[in-house]
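Data block below; observations after.
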Amino acid sequence: MTKKIFHSILLVAGTVLLASLLVIMGCLYEYFGSVEKKQLRDELELAAVAVKENGTEYLSQLSSERYRLTWIENDGTVLYDTVTDAESLENHADRVEVKQALEYGEGESTRYSSTLLQKTMYCAERLADGSVLRISMSRATAGVLLVGMGQPILVVLIVALILSSVLAKSLSHRIVQPLNKLDLEHPLENDAYEELAPLLGRINRQHLQIDEQMDELQRQQTEFSQITSSMREGLVLLDEKEHVLSINPAAEKLFGTDESCVGQDFLTIDRSHDMSLAIERAMDEGHSEARVERGGRIWQFDVSRIGASGAAVGAVLLAFDITERETAEQTRREFTANVSHELKTPLQGIIGSAELLENGMVQEKDIRPFAAKIRSESLRMAKLVEDTIGLSKLDSGAPEMKWEDTDLFTIAENAVDCLEIPAEEAGVSISLQGKSCPMHGIPETLYSIVYNICENGIKYNHSGGYVHVHLEPTESEILLTVSDSGIGIPEDAQSRIFERFYRVDKMRSREVGGTGLGLSIVKDTIENRGGSIQAGHGADGVGTVFTVTLPLAQEEELCEE
């Protein structure tokens, strides 16, 4: 802007200076021309008087380089000329000034010489005898004067332009300096040109609008960052060229990258064919899905196209960890298959026995054993259904069960008392030792823990064996230990005995009426309570020892999750 102002001022100064010189020279030229014309007229008056008195004698005595006198007869014949021989001159009757003088008494004219670059002024006067006396004077044209004065004019122009440049530079800086010092962050606090007040006011309003918009954008960005950073799902935003615009921490962990990948091609963080194909399909069709296994986890990727004005401007990629869902679905399928299989065996026994009885193929003495068989298989089915319902309640968080203050030692006493008769029938002794263990929990689930472990200890034992229950409270937890002298658990089976429908000895399990769900119910109940259970060999490798740890203080929500 400074250069533009400088050039403008310099151009205006040069133009004004040149125009001024031309105008002044033109005015002076015209002024001095009129003065010379008046002088020429005065000289003619004086010469006319002298010619009247002395005629050619006067004219012959004149010797002027500036003025030229010509005496002309009324017919145009030149009588005398102070410069040229009169006889050599042509007739002047057709001269304008001569015609005017013969007709009006006076005449004048001006003629230009293109070869000499000058003009000649003529004045003529008719004398008393009818002849005409003419005087002429040559003067340079304006162009000749300009050429002749070129050097001084050029000097003047150069000096004037130098001065104009200095002044223009100083003036341009003075004009621009207040503009350069404008504080656009605080437009209304500037003391600048009055003409800038509307502009500064508008800038101030725009500042306020921009600040509001920036605050809103910052708020939205903060909200977006907080939301995406707390998401368990991976989120990646891509532009139309599949460059990463944004990535949240979950996606960074999933793809093994960091924030430095923003702005890079998505291929730099993931080169799998499935992902590339899913993104391309989403860009073309609007949506696509891909299921990929990474690090032992199963991930589902949902890719959706982002469009604007009918064109794809990017895509959003969401990654969901569906491992638990897939595992739960697999477990559900296995559980359904296992339940169906477990129910099939007793049902077949019941149906076979019932058909024999129905067709009268059973002798009178064998009816009672067949009825006992039907009853045994029915009880086994009922136990299986009961355990299945128990597992279903645990999976749903047992919402109908109430938490209350209770004593685990008292609950264990009730469970041992209920098992005394089955233990006596199996020839197994059962005992309880320990201290009072007050705690907050669900009595039904605590009872099932003690009952199921002790029942297994009785079923998988031998005559003359034992089951010992011991309770020991600490500051933060209760330690429940159940040891027996039973058949024990092999090393390779200890990690699987808590699986649903898993049996170490399938034949004996069916003989004693086991469903394969007891220890699974115990494990789920304990883990829902926030505790843990471990199985190991007893003393000297005899029998089995179950060690259960239950926290004293446990929020109800942990059980309801």
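Brief remarks on what is shown
- Qualifying residues in the range 410-446 (those that are of a type in the set (Ser, Thr, Tyr) and farther than 18 Å from Pro551 by Cβ) - the one surrounded by the most Cβ atoms within 10 Å (Cβ to Cβ): Ser429
- Restricting the range 312-333 to residues that are farther than 25 Å from Ser230 by Cβ and modelled with pLDDT of 80 or more, the residue that is nearest to the chain's Cα centre (by Cα): Val313
- Restricting the range 61-78 to residues that are more than 17 Å from Gln39 (Cα to Cα) and charged (D, E, K, R), the residue that is most open to solvent (accessible area, probe 1.4 Å): Asp75
- Answer residue from the range 94-118, given it is open to solvent by less than 40 Å² (accessible area, probe 1.4 Å) and modelled with pLDDT of 85 or more and is farthest from Met137 (Cα to Cα) among those: Gly105
- Residues of the range 246-267 satisfying the condition of being closer than 23 Å to Val313 by Cα and open to solvent by 100 Å² or more (accessible area, probe 1.4 Å): Glu259
- Residue match in the range 3-24 (condition: aliphatic (A, V, I, L, M), in contact (Cβ under 8 Å) with a residue 60 or more places away in the chain and either farther than 23 Å from Ile153 by Cβ or in contact with a Phe, Trp or Tyr (Cβ under 9 Å, 6 or more places away or on another chain) (or both)): yes
- Enumeration of residues in the range 268-293 that are aliphatic (A, V, I, L, M), open to solvent by less than 70 Å² (accessible area, probe 1.4 Å) and either part of a helix (DSSP H, G or I) or at pLDDT 90 or above (or both): Met275, Ala278, Ile279, Ala282, Met283
- Verdict on Glu45 being surrounded by fewer than 17 Cβ atoms within 10 Å (Cβ to Cβ), modelled with pLDDT of 85 or more and not in a loop (DSSP other than H, G, I, E, B): yes
- Of the listed requirements (1) assigned to a helix (DSSP H, G or I); (2) open to solvent by 60 Å² or more (accessible area, probe 1.4 Å), Asp191 misses just one: (1).
- Residue within the range 241-262 that is of a type in the set (D, E, K, R), out of contact with any helix residue (DSSP H, G or I) (no Cβ under 6 Å at 6 or more places or on another chain) and not in a helix (DSSP H, G or I) present: yes
- Among the candidates Leu17, Leu11, the residue that is closer than 30 Å to Lys169 by Cβ and open to solvent by 90 Å² or more (accessible area, probe 1.4 Å) is uniquely Leu11.
- In the set (1) open to solvent by 90 Å² or more (accessible area, probe 1.4 Å); (2) touching a residue at least 40 places away in the same chain (Cβ under 8 Å); (3) assigned to a helix (DSSP H, G or I), the condition left unmet by Arg232 is number (3).
- Residue satisfying condition, being open to solvent by 90 Å² or more (accessible area, probe 1.4 Å), part of a helix (DSSP H, G or I) and not basic (Lys, Arg), within set Gln206, Gln220, Gln213: Gln213
- Of all the numbered requirements in (1) β-branched (Val, Ile, Thr); (2) more than 30 Å from Asp284 (Cβ to Cβ); (3) touching a strand residue (DSSP E or B) at 6+ places or on another chain (Cβ under 7 Å), Val244 misses one, and that requirement is (2).
- Residue tally, condition outside any loop (DSSP other than H, G, I, E, B) and either within 10 Å of Leu133 (Cβ to Cβ) or touching a helix residue (DSSP H, G or I) at 6+ places or on another chain (Cβ under 9 Å) (or both), over the range 50-92: 16
- Residues that are over 13 Å from Met381 (Cβ atoms) and of a type in the set (Gly, Ala, Ser) were ranked within the range 334-352; the one that is modelled with the lowest pLDDT is Ala337.
The values are calculated or read from the model by the stated rules, or taken from the named source; none is laboratory data. Note that the coordinates shown come from a computational prediction; the quantities given were computed from them, not determined experimentally. Methodologically, a virtual Cβ is constructed for each residue, glycine included, from the backbone with ideal geometry; neighbour enumeration extends over all protein chains shown. Note: accessible area is taken over every heavy atom of the protein model, side chains too, but ligands, DNA and RNA are not part of it. Shrake-Rupley method; radii C 1.70, N 1.55, O 1.52, S 1.80 Å.
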